[in-house]
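Below: the structure, in structure tokens.
The values are calculated or read from the model by the stated rules, or taken from the named source; none is laboratory data. In this text, all values refer to a predicted model and were calculated from it rather than measured experimentally. Cβ placement follows ideal geometry from the backbone for every residue including glycine, while neighbour counts extend to all protein chains displayed.
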Amino acid sequence: MVQLISILSILILIGLVVWIFVPVVSQKSTHSETENHKKQNGNTQILLILLIGLFYTANDLYAAPIIVEGRIKNGTTGLLTKADQLELIKIEEGMQVVETLKNIGPYFRFQPVELTGAPLLIRAIHNDETFIAALDPPTSVNTKKLTREIVVFDDGAKLDNIDFHSGLQISRLKDGLDVNIVYAIANHSKPQRTFDLTGLQFPVPKEAKDLKINLTHEDAGMPVNLSPKLSETGNSVELRRKVRPGTSELSIRFKLDSYVFQDRVDFSKKLLVNRNTEKENNSFFRVLIWRPIDAIPKIEGGESKELEIPNLGKAIQVFYHNDTVTYTFDQGGLWFDNPMASDDNPIFDQPYKTVVGVILALLVLFVLLSIIAGSRIRLSRQ
């Protein structure tokens, strides 16, 4: 609401400037022009006063200082606790730390901070682990305080406490493939504890480039970028990160210079995807989604089953009977993350669409000219 008021104020200001500084010469008598000019001056003064008041009111509301406070709770013990460090962060042109509190708890209170429309986060450090909590924006312009409970956890969850689903999203690009391996990780530990990913191997081909890995928890809503440690063989990575209780999404994304992706899963290693029973029963699988839809891949080394996923469309469930499954994308169209970078126009891709677009544009221009002509005013320089 505050942002809407600010936008409306700016639009009114622009319109008023045009109205004042672009003279309007009416096709009436000199006497009428004098009367209209007097009325216009009076209206201008009133509107200026109202506009200035509205503009500064909106500006004050938009940047109104607000207090952020709350308490810290240990989700493992259920008791209030302290944090080694709390940071209030503003997401504006990157992550800007507004204030830092050391050895704080169980209650905390930050200095008033001005709202500029940027989201606010609280980052807590507990036992050398980072926990992020997003702050809901104020629901009213009269809100003076935001309250948030920060929940931290002790570590110690076991691999048996972890359930996961593994997926592949592969896009056929002009010069190769864009591969995104996604792990939906559910931490069901009781009592709730964090799960340490250190020591687990995540398969990544040696020829991968532009590797990007991030972890997103359902409560934080903001991905955390991770720095991987490459294995000695170069075909997997290790991540030094703990996963909070609840559901998290781990994304391992990279690009390949060819249209062939060999997904190697070495079940002899300690993997997040590893279960001895899964290897024996051939129950480990990934769900594949590909783009564009006509670039249907050839799959070797696994058993495929077609799926229809709501809001996503066609998919393939691939069971890994072997350690390596090969996906070949040697046919179909190309995917462009930025449609403007493609050679063909994604909007006017048919002749009739182009004709309709031109006709509509001409109609809009004709209507605007008719309105201007019927208003009996003309714009001129004095």
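Summary of values
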quantity: In segment 250-286, the residues that are among the β-branched types (Val, Ile, Thr), at pLDDT 90 or above and buried (at least 19 other Cβ atoms within 10 Å of the Cβ); calculated: 252
quantity: Any chance residue 119 is out of contact with any strand residue (DSSP E or B) (no Cβ under 6 Å at 6 or more places or on another chain), at pLDDT below 90 and within 24 Å of residue 217 (Cα to Cα); calculated: no
quantity: Residue satisfying condition, being among the β-branched types (Val, Ile, Thr), in contact with a strand residue (DSSP E or B) (Cβ under 9 Å, 6 or more places away or on another chain), touching a residue at least 24 places away in the same chain (Cβ under 8 Å) and surrounded by fewer than 18 Cβ atoms within 10 Å (Cβ to Cβ), within set 194, 216; calculated: 216
quantity: Residue ID - surrounded by the most Cβ atoms within 10 Å (Cβ to Cβ), chosen from residues in segment 114-146 that are more than 24 Å from the chain's Cα centre (by Cα) and either part of a strand (DSSP E or B) or in the same structural domain as residue 244 (by TED's automatic domain parsing) (or both); calculated: 126
quantity: Number of the condition not met by residue 234 [criteria: (1) at pLDDT 90 or above; (2) over 19 Å from the mean Cα position of the chain (by Cα)]; calculated: (1)
quantity: All positions within segment 203-213 that are in a strand (DSSP E or B) and surrounded by fewer than 20 Cβ atoms within 10 Å (Cβ to Cβ); calculated: 209, 210, 211, 212
quantity: Among residues of segment 315-324, those that are modelled with pLDDT of 90 or more and either more than 16 Å from residue 181 (Cβ to Cβ) or in contact with a Leu (Cβ under 7 Å, 6 or more places away or on another chain) (or both), counted; calculated: 5
quantity: Qualifying residue in segment 295-302 (condition: at pLDDT 90 or above, assigned to a loop (DSSP other than H, G, I, E, B) and touching a Lys or Arg at 6+ places or on another chain (Cβ under 8 Å)); calculated: yes
